[in-house]
Amino acid sequence: MNSMDLPWKSAWVTGAGRGIGAEVARLLCRNGVTVYGSARTTEQLELLQQELAECSGKLIVVPLDIRDLAAVQEQFNMWDSEGILPDLVVLNAGSHDPFSAAEFSAQRCKALLDINLQGTANCLEPILYRYLGRVSEQATGESDRVFIPELKGHIAVVSSVAGYRGLPTAAAYGAGKAALINLCESLYLDLQGTGVRIQLINPGFVRTPLTDKNEFPMPALMEPDEAARRIVQGLLSKRFEIVFPRRFVYWLKLFRLLPYSWYFKLIGRATGAGKNV
Ligand SMILES: NC(=O)c1ccc[n+]([C@@H]2O[C@H](COP(=O)([O-])OP(=O)(O)OC[C@H]3O[C@@H](n4cnc5c(N)ncnc54)[C@H](OP(=O)(O)O)[C@@H]3O)[C@@H](O)[C@H]2O)c1
């Protein structure tokens, strides 16, 4: 891929150890960005760091469990003491655990929501606090510091098209992703005029360790490097929502408009839903 002229000097990518997050980290690093890469598995981050050692940017390994709010806050306190505040934050870390109605478990539901929804919120709190508190020196050069609504920070949240409408065996995953979509829409409105930008990323199927466990054929399956390219291109655009592969997602958007009777019939036919119960 040709080199890209990126506006960010530094970025924090959660879930950077493998899959989509690792590819986003690669792409950013190869184009000069210092990437703080987070995940729980340090070895995967260290391998990525070695791989990217010769890049124009660099990867800094930041082991972190996003379910642990205190640990996330502690990381930000450490960054504060070193004068670090990433310009871009890609909140990508997530997990999936498909189960049917017959296997429904409150504990499995909570485990997924703790990562996908609450984990993302745990990251948003300290970053929003800092971005919204960012002040600029007045042009006069006087020591008075004023709030100027210029770009203070850029946040991207990875949700999923699974958050558009209910899908079979995805009650917990879809609920968390639907909540993230709604959360980002709310924040987008709240952040108007503050200089803090938020974007929503809704991928279709991407080949990663997360989808490798799917036993059904995945329509329009995309390779993770291509997904990362679409994400970074989307981050450079003015769009709120970044979606891919486009044609697949546009069908799903159309499905969102259908009355329940049509939707359940079509999705049931396409997925064989009901056979898992
Ligand atoms: N692949 C797809 O088709 C697809 C489609 C739509 C949306 N998405 C979303 O895209 C994101 C990335 O998915 P992926 O397919 O790349 O998944 P993946 O290959 O399983 O990678 C997930 C990454 O998140 C990290 N992670 C998981 N739990 C974490 C935690 N508690 N704290 C910190 N990091 C954690 C994992 O590292 P550790 O386990 O080492 O912590 C890993 O680095 C997810 O939010 C997923 O829901 C994926």
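A short reminder: the numbers here are calculations on the coordinates, not readings from a lab. Computed from a predicted structure; not experimentally measured. Don't worry about glycine lacking a Cβ; one is built from the backbone with ideal geometry, like all the others, and counts go over all protein chains shown.
Quick notes
- In this structure, the amide hydrogen of Val89, modeled 1.01 Å from its nitrogen in the peptide plane, lies closer than 5 angstrom to those of Trp12, His154, Ile155, Ala156, counting only residues at least 5 positions away or on a different chain.
- Neighbour-limited loop hits for GluC sites (Glu not before Pro), segment 174-274 (at most 12 other Cβ within 10 Å; DSSP other than H, G, I, E, B): Glu215
- Loop-located chymotrypsin sites (Phe, Trp or Tyr not before Pro) in segment 64-114, at most 12 other Cβ atoms within 10 Å (DSSP): Phe104
- Most fluctuating residue given options Ala102, Ala71, Ala93, as computed from a GNM of the chain linking Cα atoms under 10 Å: Ala102
- Pair Phe255, Leu69: separation of 7 Å Cα→Cβ label points (nm): 3.4 nm
- Taking amide hydrogens as placed 1.01 Å from N in the peptide plane, the amide H of Arg40 sits under 5 Å from those of Leu64, each at least 5 positions away in sequence or on another chain.
- The residues packed around Gly17, meaning those with a beta-carbon under 13 Å from its beta-carbon, carry a net charge of -2 if Lys and Arg are +1 and Asp and Glu are -1.
- Rounded to 5, the percent of DSSP beta bridges in the chain classed as antiparallel: 5 percent
- Proximity of backbone amide H atoms, modeled 1.01 Å from N, is registered between Glu241 and Leu200 at under 5 Å, excluding neighbours fewer than 5 places apart on the same chain.
- Our helix-only sum for the chain, with -39,500 (n - 2.57) per DSSP H run of n ≥ 4 divided by its residues, gives a mean residue ellipticity at 222 nm of -13000 deg cm²/dmol.
- Percentage of interatomic Cα-Cα distances in segment 10-271 larger than 36 Å: 15 percent
- In order along segment 206-218, the phi-based Karplus estimate (6.51 cos²θ - 1.76 cosθ + 1.60, θ = phi - 60°) of 3J(HN,Hα) comes to 10, 6, 8, x, 5, 8, 4, 7, 5, 9, 9, x, 9 Hz; Gly and Pro are listed as x.
- Using θ = phi - 60° and Karplus 6.51 cos²θ - 1.76 cosθ + 1.60, couplings along segment 54-67 (whole Hz; Gly, Pro as x): 8, 6, 6, x, 8, 10, 9, 7, 10, x, 7, 9, 5, 6
- Loop-located trypsin sites (Lys or Arg not before Pro) in segment 199-272 (DSSP state other than H, G, I, E, B) with a sparse environment of at most 14 neighbouring Cβ atoms within 10 Å: Lys213, Lys238, Arg239.
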